[in-house]
Amino acid sequence: MQIIIYDDAQQVAISAAQWVQGLIKEKTHPVLGLATGSTPISLYQELVKQYQADQCSFTNVTTFNLDEYHNIDESNPQSYRSFMQENLFNHVDINTKNTFLPTCEQAQNPRNQGLAYEDKIKQAGGIDLQILGIGANGHIGFNEPTSSLTSRTRIKTLTQQTLTDNSRLFTAQEEQPTTAMTMGIATIMDARYVLLMATGKNKAQAVKDMITGAVSANCPASILQMHENAVILLDKDAASALEDHSYYQWADKQNRKLNEEFGFYHNF
Ligand code: GLP
């Protein structure tokens, strides 16, 4: 795991945007895994800014989102499709035909939908860079604690904690879905690089469990300890429960020196 601690959330977003730009520039047909939630919004704002300044183009980019609510119409403002359109797709030159979410409507079989999503990712050549946030309970995507560490795209029942955490995003009139389709933990682990963004004090314990706890289904994000290329971008608040703060900062300094000398290395 590469752990990088920034002063604030804005720097986390800028750094994540640099990773996405790096991918888009290096690969002819980049495949990007996307996340929803409040954390990556500032990343999407950065990408839109860069696109508007002619610094990047999304014409050849294919995207796969981590998750989508079960049985929700894509036109529903609460759907993750609407979230992605609003925060990124409507503002850049991406072909929406190349943007995928693990949808499952009422009459559809969630098992078949999950398998089809896995196939689609394979056909695209696999995910080069997967953006992740983290739930306060350590979930990634909607892989709640106790999710199988070898799971694939499937339907999950959300925990009470996740429902409570996300209830701020729903008005009293809106019905909050309690089930969702999500990439599995093994699906996420197949990505060539994973880039997890975490900001704010309410993520400090989950971040600590992810980085220094045992690898356990009780903290699904802890599986990233087993990923060859996991980069964790934190602001100071999200890093505040880590004991080895100064070691991570020192290691990051050393890495920057190496990058200056030998060039920044990705292997997408
Ligand atoms: C949601 C999403 C996750 C996201 C997490 C944290 O439930 N399914 O992909 O990472 O919760 O969200 P936020 O960034 O709003 O804290």
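Scan the range 148-166 and report the pairs whose first residue is in contact (Cβ under 8 Å) with a residue 12 or more places away in the chain and over 19 Å from residue 117 (Cα atoms) and whose second residue is within 10 Å of the ligand (Cβ to nearest atom) and among the aliphatic types (A, V, I, L, M), with Cβ atoms within less than 7 Å and a gap of 6+ or a chain change. So the pair list comes out as 158/180; 161/136; 165/136. Residues in the range 76-89 that are touching a residue at least 40 places away in the same chain (Cβ under 8 Å) and of a type outside the set (S, T, N, Q) were compared, and the one that is nearest to the ligand (Cβ to nearest atom) is 80. Can you pull out the residues in the range 182-219 that are free of Cβ contacts under 8 Å to residues at least 24 places away in the same chain and either assigned to a loop (DSSP other than H, G, I, E, B) or within 12 Å of the ligand (Cβ to nearest atom) (or both)? If the condition is that a residue be free of Cβ contacts under 8 Å to residues at least 24 places away in the same chain and either assigned to a loop (DSSP other than H, G, I, E, B) or within 12 Å of the ligand (Cβ to nearest atom) (or both), then 213, 214 are the ones that fit.
Just one residue in the set 158, 149, 132 is aliphatic (A, V, I, L, M) and within 25 Å of residue 18 (Cα to Cα); that residue is 132. No other residue among 68, 105 is of a type in the set (D, E, K, R) and under 21 Å from residue 169 (Cα atoms) apart from 68. Against the numbered list (1) under 20 Å from residue 134 (Cβ atoms); (2) touching a residue at least 24 places away in the same chain (Cβ under 8 Å), residue 268 comes up short only at (1).
Looking across the range 228-268, just one residue is in a loop (DSSP other than H, G, I, E, B), loosely packed, with under 13 Cβ neighbours inside 10 Å and polar (S, T, N, Q), and that is 267. Screening residue 106 with (1) outside any helix (DSSP H, G or I); (2) open to solvent by 60 Å² or more (accessible area, probe 1.4 Å); (3) within 30 Å of residue 235 (Cβ to Cβ) gives one miss only, at (3).
Every condition in (1) within 12 Å of the ligand (Cβ to nearest atom); (2) more than 18 Å from residue 225 (Cα to Cα); (3) open to solvent by less than 10 Å² (accessible area, probe 1.4 Å); (4) not hydroxyl-bearing (Ser, Thr, Tyr) holds for residue 144 except the one numbered (2).
Taking the range 153-167 as the range and being more than 9 Å from the ligand (Cβ to nearest atom) and either open to solvent by 60 Å² or more (accessible area, probe 1.4 Å) or not in a helix (DSSP H, G or I) (or both) as the test, the residues that pass are 153, 154, 155, 156, 157, 159, 160, 161, 164. Listed by first and then second residue, the pairs with beta-carbon distance under 7 Å, at least 6 apart or on different chains, first residue in the range 226-242 and farther than 14 Å from residue 209 by Cα, second of a type in the set (Lys, Arg), are 229/192; 237/201. Taking (1) in a loop (DSSP other than H, G, I, E, B); (2) under 18 Å from the mean Cα position of the chain (by Cα); (3) more than 13 Å from the ligand (Cβ to nearest atom) in turn, residue 125 satisfies each apart from (2). Residues of the range 86-118 that are acidic (Asp, Glu) and over 23 Å from residue 229 (Cα atoms): 86, 93, 105. Scanning the range 90-109 for residues that are of a type outside the set (Ser, Thr, Tyr) and touching a residue at least 12 places away in the same chain (Cβ under 8 Å) yields 91, 92, 93, 94, 95, 98, 100, 101, 102, 104, 105, 106.
The values are calculated or read from the model by the stated rules, or taken from the named source; none is laboratory data. All values reported here derive from a predicted model rather than from experimental measurement. Cβ atoms come from the backbone with ideal geometry, glycine included; neighbour counts cover every protein chain shown. Side chains included, ligands, DNA and RNA excluded: accessible areas come from the protein's heavy atoms. Shrake-Rupley method; radii C 1.70, N 1.55, O 1.52, S 1.80 Å.
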